[in-house]
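Just so you know, all these numbers are worked out from the coordinates, no wet-lab data involved. On a predicted model such as this, the values are computed, not experimentally measured, just so you know. All Cβ positions, glycine included, derive from the backbone under ideal geometry; neighbour counts span all protein chains shown.
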Amino acid sequence: MKLKYIFLGAISLALLVWGYYMGMYGAPTEQTMGDVQRIFYYHVPSAWTAFLLFFANFIASIVYLFTRGKRADAFAVSSAEVGIVFCTVVLITGPIWARPVWGIWWTWDARLTTTLILWLIYVSYLFLRKFSTCGQTPILAAALAVFCFLDVPIVYLSIRYFRTQHPQPVIGGGERSGLDPVMWKAVLINWLAFLVFGSLVLALRYRLERMRQQVEESHALRDETTFSPANAVVMRSAR
C-alpha cells in the first residue's frame, strides 16, 4: 500500500519539476504580457483539476443518495476537500496575474465572481460536513453537493455569455485563444502533474476518511453492545 503512494509521489514530483521547467523556461515569452503570463501554466491547470474533482464529488454524491454507501460518501467529501485546494490556487493566482495586466487585483467580473461563488458554496459544503451533528448530515451534504456543481458550467460559460475582462477559453475559444504549440505542451504537462498529484492527495484523504468512518462504526457498535437490553438487566441485577 505504501509503495503505491511512494510511486505516485515520485511520478507527481517528476511531472511537477518538468512542468515548472516548461512553464518558466521552455515556453516562449508571451509578446503582450511578458513573463507574468507564465502564471497561466499554473492558473489554468488548477482550474481544470478543480472542475474534475468537483465533478467527482457530484457523481459520488449522486451515488450516495441512491445507495447510502459509506465509500461513496468518503469519496465525495475527499474530492470536495482536494477540489477546494485547487480552486483556492485559482483564486490566488488569478489576482497575481491580473494586477500587472489589468492594473487591479480584483474586479467583479463574471468569471471571477462566479468562481468565488463556486469556492464559497463548496466551503459551505465542507462546513456542513464538519460542524453539523445531525444524523442526516451526509444526505443533506450530498444534496448540497449536487446543487454546488451547477455553478461549474456557469463558471466555464460565463466568459461566453457575459462581457468580461477575462481571456477567452483555451479550449473551444476560437482563434483568439490559440496558443503556441510549446505553450500548449507546458499547459498539458502541468495539468498532468496536477492530476497525478491531486490523485495522490485524494487517495490519501479518502483512506483517512474511511479510517474515520470505521472508527466511528466501531465506537457505535461498542456503545450498542454496552447498552444492550441484556447488559442493562445484568447491570440492574448487579445493583
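Quick notes on this one:
- An ellipsoid equivalent to the chain, defined through the eigenvalues of its Cα gyration tensor, has semi-axes of 44, 21, 13 Å when rounded to whole angstrom and sorted largest first.
- Note on Asp180, Asp109: ascending count of other Cβ atoms within 10 Å places them as Asp180, Asp109, the fewest first.
- Each of Thr107, Trp48, Ser158 was placed along the dipole of the chain (beta-carbon charges, centred on the mean Cα), and the one lying farthest toward the positive end is Trp48.
- Simple Cβ-charge dipole of the stretch 1-110, Lys/Arg +1 and Asp/Glu -1, about Cα centre, in debye nearest 20: 520
- Debye, to nearest 20: dipole size of the chain, +1 on Lys, Arg Cβ, -1 on Asp, Glu Cβ: 620
- Rounded if a/c under 1.5, otherwise prolate or oblate - the stretch 1-106, Cα gyration tensor axes: oblate
- Fewest-first sequence of Ser46, Ser12, Ser132 by Cβ atoms within 10 Å of each Cβ: Ser132, Ser12, Ser46
- The stretch 27-101: relative contact order in percent, alpha carbon pairs under 8 Å with at least 6 residues between: 40
- Cut-off 14 Å (backbone N to label point 7 Å along Cα→Cβ of Met211), residues of the stretch 108-135: none
- When exposed loop sites are taken as chymotrypsin sites (Phe, Trp or Tyr not before Pro) in a DSSP loop with at most 11 other Cβ atoms within 10 Å, the longest stretch of the chain clear of them is 109-226.
- Which of Ile139, Thr225, Ala80, positive extreme of dipole for the chain (C-beta unit charges): Thr225
- When the convex hull of its Cα atoms is projected in every direction, mean area for the stretch 30-88 (nm²): 4.2
- Helices in the chain that qualify as membrane-span-like (whole DSSP H runs, Cα extent of at least 15 Å along the helix axis, mean Kyte-Doolittle hydropathy of -1.0 or higher) are 2-21, 40-67, 70-102, 110-131, 137-149, 181-226.
- Counting 0.36 nm for each residue step from Ser132 to Leu204 and taking away their Cα separation leaves a gain of 23.5 nm.
- Residues Glu30, Glu216, Glu81 in ascending order of nearby Cβ atoms (within 10 Å, fewest first): Glu216, Glu30, Glu81.
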